[in-house]
Amino acid sequence: MENILENLNERQRKAVIATDGPVLIIAGPGSGKTKVLTHRIAYIIGKKKTNPTNILAVTFTNKAAQEMKTRVGVLLKETVYANSPNIYEKSADNFNTEYPIPNTQYPVIGTFHNICVRILRQEAEAVGYKKNFVIYDGDDQSSMIKKIMKELQINSEQFNFRAVLSHISNAKNELKDAESFSNIADGYFEEQVSIIYNVYQKKLKENNALDFDDLIMQTILLFLDKPEILRKYQNKFQYVMVDEYQDTNYAQYRLVDLLSKVHRNLCVVGDDWQSIYKWRGADIRNILDFEKNYSEAEVILLEQNYRSTQTILDASYQIISRNVNRKEKKLWSEKKVGEPIVIYEAADEKGEAEFIVAEIAKLTAKKNVMMSQSNHDVLRQAQDDKSFEDEKINLKDIAILYRTNAQSRSVEEAFLKYKLPYKIVGGIKFYLRKEIKDVIAYLRLIQNPNDRASLERVVNIPKRDIGQVTFKKVITEMEKSNKNIIETLSNLECESITKEKVNKIKNFAKIIKNCQNKINEIKISELLDLLIKNINYEKYIKDGTEEGERRWENVKELFSAVEKYDNFPAEKSLSILLEEIALATDLDHLNSSQDAVTLMTLHSAKGLEFSAVFIIGMEEGLLPHSRSIQDPSEMEEERRLCYVGITRAKKKAYLIFARTRKIYGSTQANMSSRFISDIPEDLAEFKRQEYSYLDEDEVVEV
């Protein structure tokens, strides 16, 4: 197995072969943690002769999980399976679905939620669900909470539905079901939330649906309630590995702890300096206290960085070293010292954006394109600049990072003005567009004929003259029946509904049943085509307008998106498609081939890297955010957020602040961020804008 250990540094090699007992790997940014995890998996399979399906590796995003699957597949093909590719029979379990090597078993790799979906599919009856349950996304949850509040006559102005949903989500992440939350509800607001929570869970069960947070909570409650089921999975997963452990919340910590209780071969990889998701429940104590929770744990530091220049590493260290709650390490790199950190003082947000455009012109050698668009001196500076002349980079290797989405406006305006291509992470997700949600609701109803929320969404799409009054009558008839929704609609008899409308409802049900009958016979793309044609959706969506044409283009794009699921068995493809859509994130669909500058929040940037990074809004009140000023723990997280931003950069890092900034409808004059003053002068190059813009052609000295 020596070839598995090739091309690893000493610390990485130590982390790979430390397979027995609890192991904590503190991996700084760019230190090769994914390489360590994938080699560790291959080492356990090859050296320890472990059945691959007895290995569980968990990460946080679908993109990271897929990258790990691919890299593990390639590594196994080159090492373990090099001379005997058919040593293992093809996996028959329901965990693994897509790998590059056929006819072999594979380790179980996925996100926390993906793994829990697989467990719940197999054990659905034990938690009171059917195996064809659907997963509600944020929009579905919001819609249901609003309706419940309306039914309960709870004032939506006094109780914001988002705050209610947030409390329910937090409760689930702390493993408090509706009854437990009701018992500890403190104050009038929480008492009202507990009432809503109770009704919400009942409606989810009626719809055979789980929400995002249910996936982990219900799995843990299943394990605690059914010890024999827990023992089955404890025996199955002899080796458990968790990536990005610093981002785990209490529920995720409990899940991992339960699964690894028997064999104790738990390896967690993370970096407490990059813990930036406290606002969504992440608990940094999980990684800081790992050695207390697992007293026999071996701790390994990965400190060699393969991404950034030493200047970037030293500057980011000066910022993070002010934090008290952290594990000490010192990143180092064999790369050259590199360019100093550029700290730029802009007059305002427009000057900030113009400076960014000018620097991108230099970095990418696109001077002539942008020079022709403006007479501004700040852009013409780029014309004679000779820096990076031999190391031009592509637009896709540049990122603009900010604390809040509202900060992107001025940058977008400048990019549009100078015809600079860009893409935004965090806009409207493809699967949240109305027309896509409509089609997905049809597919969910085909898979789960008890999904009342999906029925309500599409029963009148396209128009069938089924208004609210008629729909309530239909619901009443459904509640009388012991059959599922579609069976009830197929045999609907109701004197208070006109015969014409009854026939339309029956025709609707017939379409769903027709598709249901084809699920196990045709490819998913063919099923989608059959559905679209049966409901005549193209004619409905186009409606003779430009907007209609754009929406139809999105529906056609959905056909492209589902093609890969044609490779799965017909009876599983729809379920897999709907699961992946429900668990999708913005980063899963980040197009790395498009040559355009990436704009995103600092939170979205973790796990990514770029040749040049611009962090804008480096001002007190923005970064660090105003709500962290009086809270030491919040301030430490803001430092970690800034650290994450700077360490995304491989070659060049820019920190930009403005003397005045118009944001949220008012003009603010804030001090520069305290994080800027943390950086020693010998690591930085300071620049200052000496003028501000009044209009397209006029500038004024400041």
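The values are calculated or read from the model by the stated rules, or taken from the named source; none is laboratory data. Only a predicted model underlies this, so the values are computations on that prediction, with no experimental measurement involved. FYI the Cβ positions are ideal-geometry reconstructions off the backbone, even for glycines, and counts take in every protein chain you see. Ligands, DNA and RNA are excluded from the accessible area calculation, which covers all protein heavy atoms including side chains. Shrake-Rupley method; radii C 1.70, N 1.55, O 1.52, S 1.80 Å.
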inquiry  = Of the conditions (1) within 22 Å of Leu527 (Cβ to Cβ); (2) open to solvent by 40 Å² or more (accessible area, probe 1.4 Å), Glu435 satisfies every one except a single condition; which number is it?
reply    = (2)
Number of the exception - Arg627 against (1) surrounded by fewer than 18 Cβ atoms within 10 Å (Cβ to Cβ); (2) touching an Asp or Glu at 6+ places or on another chain (Cβ under 7 Å); (3) closer than 27 Å to Ile360 by Cβ = (3)
ask   = With (1) on the phi < 0 side of the Ramachandran plot; (2) surrounded by fewer than 19 Cβ atoms within 10 Å (Cβ to Cβ); (3) not aliphatic (A, V, I, L, M) as the list, and Arg264 as the residue in question, which single condition is left unmet?
value = (1)
request  = Go over the candidates Lys572, Lys650 one by one and state the one that is open to solvent by 40 Å² or more (accessible area, probe 1.4 Å) and farther than 24 Å from Val425 by Cα.
outcome  = Lys572
note = So, first residue under 12 Å from Phe559 (Cα atoms) in the stretch 520-540, second residue part of a loop (DSSP other than H, G, I, E, B) and among the small types (Gly, Ala, Ser), Cβ within less than 6 Å, six or more apart or across chains; the pairs are none
inquiry  = I'd like the full set of residues that are among the hydrophobic types (A, V, I, L, M, F, W, C) and in a loop (DSSP other than H, G, I, E, B), limited to the stretch 423-438.
reply    = Val425, Ile428
ask   = Can you spot a residue in the stretch 314-323 that is part of a loop (DSSP other than H, G, I, E, B), surrounded by fewer than 21 Cβ atoms within 10 Å (Cβ to Cβ), in contact with a Pro (Cβ under 9 Å, 6 or more places away or on another chain) and at pLDDT 95 or above?
value = no
ask   = How many residues are assigned to a helix (DSSP H, G or I), aliphatic (A, V, I, L, M) and over 18 Å from Leu76 (Cβ atoms) if we restrict to the stretch 1-29?
value = 1
request  = Test Lys556 against the stated conditions and say whether it is of a type in the set (Lys, Arg) and at pLDDT 85 or above.
outcome  = yes
query = Which of the residues belonging to the stretch 324-340 are within 18 Å of Ala684 (Cβ to Cβ) and surrounded by fewer than 18 Cβ atoms within 10 Å (Cβ to Cβ)?
reply = Lys336, Val337, Glu339
task = Answer yes or no as to whether Ile276 is under 28 Å from Pro632 (Cα atoms) and assigned to a loop (DSSP other than H, G, I, E, B).
result = yes
query = Out of Thr660, Thr647, which single residue is of a type in the set (Val, Ile, Thr) and modelled with pLDDT under 95?
reply = Thr660
inquiry  = List pairs: first residue in the stretch 299-323 and touching a residue at least 12 places away in the same chain (Cβ under 8 Å), second residue open to solvent by 30 Å² or more (accessible area, probe 1.4 Å) and β-branched (Val, Ile, Thr) anywhere in the structure, Cβ distance under 9 angstrom, at least six positions apart or on different chains.
reply    = Thr309/Val337; Gln310/Val337; Thr311/Val337; Asp314/Val337
request  = Residue by residue through the stretch 559-584, note down the ones that are assigned to a helix (DSSP H, G or I) and aromatic (Phe, Trp, Tyr).
outcome  = Phe559, Tyr565
query = Between residues in the stretch 635-663 that are without any contact (Cβ under 8 Å) to a residue 60 or more places away in the chain and residues that are aromatic (Phe, Trp, Tyr) and in a strand (DSSP E or B), which pairs lie under 7 Å by C-beta distance while being six or more apart or on different chains?
reply = none
inquiry  = I'd like the full set of residues that are open to solvent by 30 Å² or more (accessible area, probe 1.4 Å) and over 21 Å from Glu206 (Cα atoms), limited to the stretch 438-471.
reply    = Asn460, Lys463, Asp465, Gly467, Val469
message = Restricting to the stretch 132-147, give me the number of residues that are under 23 Å from the mean Cα position of the chain (by Cα) and under 17 Å from Leu577 (Cα atoms).
response = 5
inquiry  = Let me confirm something: among Ile109, Ile119, which residue is β-branched (Val, Ile, Thr) and in contact with a strand residue (DSSP E or B) (Cβ under 7 Å, 6 or more places away or on another chain)?
reply    = Ile109
ask   = Given the structure, is Val299 β-branched (Val, Ile, Thr), open to solvent by 30 Å² or more (accessible area, probe 1.4 Å) and outside any loop (DSSP other than H, G, I, E, B)?
value = yes
request  = Determine which single condition Lys539 fails, assuming it passes every other condition in (1) surrounded by 14 or more Cβ atoms within 10 Å (Cβ to Cβ); (2) assigned to a helix (DSSP H, G or I).
outcome  = (1)
query = Restricting the search to the stretch 477-489, which residues are at pLDDT 80 or above and surrounded by fewer than 17 Cβ atoms within 10 Å (Cβ to Cβ)?
reply = Asn484, Glu487
query = Going by the conditions given, is Lys533 assigned to a helix (DSSP H, G or I), under 21 Å from Val134 (Cα atoms) and at pLDDT 85 or above?
reply = no
key: Residue within the stretch 60-68 that is modelled with pLDDT of 90 or more, under 24 Å from Ser308 (Cα atoms) and surrounded by 24 or more Cβ atoms within 10 Å (Cβ to Cβ) present   = no
message = I'm trying to understand the selection: among the residues of the stretch 30-80, which are among the basic types (Lys, Arg), in a helix (DSSP H, G or I) and either closer than 24 Å to Gly270 by Cβ or within 19 Å of the chain's Cα centre (by Cα) (or both)?
response = Lys33, Lys35, Arg40, Lys63, Lys69, Arg71
inquiry  = Which of the numbered conditions does Ser308 fail, given that it passes all the others? Conditions: (1) over 15 Å from Ile26 (Cβ atoms); (2) open to solvent by 30 Å² or more (accessible area, probe 1.4 Å); (3) of a type outside the set (A, V, I, L, M, F, W, C).
reply    = (2)
request  = Give me a count of the residues in the stretch 439-471 that are free of Cβ contacts under 8 Å to residues at least 60 places away in the same chain and either within 29 Å of Phe559 (Cα to Cα) or in a loop (DSSP other than H, G, I, E, B) (or both).
outcome  = 11
task = Scan Val474, Val411 and give me the residue that is in contact (Cβ under 8 Å) with a residue 24 or more places away in the chain, closer than 21 Å to Ile663 by Cα, open to solvent by less than 50 Å² (accessible area, probe 1.4 Å) and not aromatic (Phe, Trp, Tyr).
result = Val411
inquiry  = Which numbered condition in (1) of a type outside the set (Val, Ile, Thr); (2) modelled with pLDDT of 95 or more; (3) surrounded by fewer than 17 Cβ atoms within 10 Å (Cβ to Cβ) is the only one that Phe675 fails?
reply    = (3)
task = From the list Val469, Val459, pick out the single residue that is touching a Phe, Trp or Tyr at 6+ places or on another chain (Cβ under 7 Å) and not hydroxyl-bearing (Ser, Thr, Tyr).
result = Val459
request  = Would you check which residues across the stretch 327-351 are touching a Leu at 6+ places or on another chain (Cβ under 8 Å) and closer than 27 Å to Pro632 by Cα and list them?
outcome  = Lys327, Lys329, Leu331, Ile341, Ile343
